[in-house]
Structures are given as C-alpha cells and as structure tokens.
Amino acid sequence: MHLRIGFLASHNGSNVEAILKNIRSGKLEADPRIVITNNPNAGIIDVAKRYDVPSICLNDNKHSPYSSLDDAILETLIESDVNIVILAGYMKLLGTKVINNYKNKVLNIHPALLPKYGGQGMYGMKVHEAVIASDDTESGATVHIVDPEYDHGKTLKQQIVPRLLHDTAETLATRVLEAEHQLYSDVLKEIGEGRINM
Ligand code: GRF
C-alpha cells in the first residue's frame, strides 16, 4: 500500500517531524499530504512549513463552510487524497464520520503500554506521573487503531521503555518520546510493505 498520509496534531509535532524526516531521508516511503491542527498556535504548523507540507487549522470556532468539524476534517482529508490518518498528540476526540470513512486506517500513538494508563484524561505528563506513582518497572509507547473511544482500538505495535531507578515523570517522558519517534515510522513502514495487515 502506498501511504498518502494526513496528520492531525495539536502541539509541538515532534512525532510528525520524526516521520517527515524519515520520508525525506528515504527511510520511509510515503507521501505526506496534509497537516490538520485544531490549535492556531501549534508548533506543528512550523514543522509543516519546514517540510513543505500544506497545513490547515480546523476547530470548533472555524470550520466554515462545513456543517461540523467532523465534516470539515473529512472533506479536507478526502480533498487531499489521504489514505491513512495519523494522530500525533491530537487532543480532540475524532468524529465518527472520519473514523467510519477511514475504517481501520486511523492510527494514534500513546505514551504508555496500553491498555494501562489510557482513557479520557490520561494524556501528557499525567500518564508518566501515574507510571512513576506505580510499582511498574517499565513503560513504553503504543500505536493503535482509533475507534470512537479514547485509547481503545486494536494495538498494532508497542515499544517497551524500562523505568530507571531515579526516573522522574520528566526523564521517563523524554525517553518514551524518543521511543515514539522510532515506533511510529516503524509501524508505517510495516503497513506500507504489507507486513501489518490493516
Ligand atoms: C506524544 O507523547 C504522544 O504520544 C501523545 O502526545 C505527545 C505528542 O507529542 N499523544 P508531539 O506533539 O508529537 O511532540
């Protein structure tokens, strides 16, 4: 499958940047078609510019002329000829129209070993703080298929990140993010080469 990727992100976009870097260097064969963000001040807009990928801001205040944000996102993905949707730090629940139209073709990355430390309200540092407060000896990252529930769809691949003796939520978060950067491209490569069946 030749990947024509639509990205959705709300913040820095370091995961998107890691994927774009791998595409640019030829490590990953894919076509980045569009970056969609809900946050007009997100760092991801700058990342998209640097990699010459078109970007658009769509949120609840701004999705004219479409009837809903879900419609606006879906139309944008279709117009951009996207065949796989990559969520990377996208802080909104995706609408059912997008999920149903791109059935099993919407992926998310989560900074923990799901099903642990997932679900509504479990994002960012909250995840790492919960791991540090637990007796767990490892954390990691998960790429999964998106369904209408937060952090719920089928897991495609995980990367374990050991917890070190003196880890804080911050030091653990840094290593998990590094693992995410590798994991997302690995999953995309495997999908592109038909080694992960969607
Ligand atoms: C990542 O930790 C990702 O797992 C989570 O949000 C963070 C996004 O980071 N869903 P970035 O915007 O890709 O730097």
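The values are calculated or read from the model by the stated rules, or taken from the named source; none is laboratory data. What you are looking at is a predicted structure, and each value in this text was computed from that prediction instead of being measured. Using ideal geometry, Cβ is built from the backbone for each residue, glycine included, and neighbour counts are taken over all protein chains shown. Note: accessible area is taken over every heavy atom of the protein model, side chains too, but ligands, DNA and RNA are not part of it. Shrake-Rupley method; radii C 1.70, N 1.55, O 1.52, S 1.80 Å.
Details
- Qualifying trypsin sites (Lys or Arg not before Pro) in the stretch 104-191, DSSP loop, other Cβ atoms within 10 Å at most 12: 154
- Charged side chains reduced to their Cβ positions (Lys and Arg at +1, Asp and Glu at -1) give the stretch 123-198 a dipole of some 200 debye around its Cα centre.
- For the chain, calculated [θ]222 nm from helices alone, where every DSSP H run of n ≥ 4 adds -39500 (n - 2.57): -10500 deg cm²/dmol
- Across the accessible surface of the chain, with the other protein chains kept in place and a 1.4 Å probe, carbon and sulfur atoms take up 49 percent.
- Residue pairs, from the table 103/157; 27/189; 21/105; 126/189; 49/105; 21/49, whose Cα atoms sit over 20 Å apart: 21/105; 126/189; 49/105
- Across the chain, the relative contact order, built from alpha-carbon pairs under 8 Å that are at least six residues apart, equals 21 percent.
- With Cα atoms, 0 to 90° folded angle of helix 14-24 axis to the chain main axis: 60
- Formal net charge of residues neighbouring residue 150 (Cβ-Cβ distance under 13 Å; K, R +1; D, E -1): -1
- Crossing angle, helix 169-192 versus the chain [Cα axis fit, 0-90 degrees, rounded to tens]: 50
- Between 80, 19, 115, the Cα set farthest toward the positive side of the dipole of the chain (charges on each charged residue's Cβ, about the Cα centre) is that of 80.
- Among 46, 151, 135, the largest mean-square fluctuation in a Gaussian network model of the chain, built with springs joining Cα atoms closer than 10 Å, belongs to 135.
- Within the shell defined by Cβ-Cβ distances under 15 Å, the residues around residue 172 carry a net charge of -4, with Lys and Arg each +1 and Asp and Glu each -1.
- Cβ-Cβ FRET estimate between residue 12 and residue 197, R0 fixed at 22 Å, reported to 0.05: 0.10
- Solvent accessible area, Å² - residue 103, 1.4 Å probe, full protein context: 130
- Remark: relative contact order (the stretch 1-110) = 32 percent; criterion is Cα-Cα distance under 8 angstrom and separation of 6 or more residues.
- Charging the Cβ of each Asp and Glu at -1 and of each Lys and Arg at +1, and nothing else, the dipole of the chain about its Cα centre rounds to 320 debye.
- Order by protection proxy (mean Cβ within 10 Å, highest first), peptides 3-12, 137-146: 3-12, 137-146
- Think of a 1.4 Å ball rolled over the protein heavy atoms: the chain then has 50 Å² of accessible area per residue.
- For residue 102, the solvent-accessible surface with a 1.4 Å probe is about 20 Å², rounded to the nearest 10.
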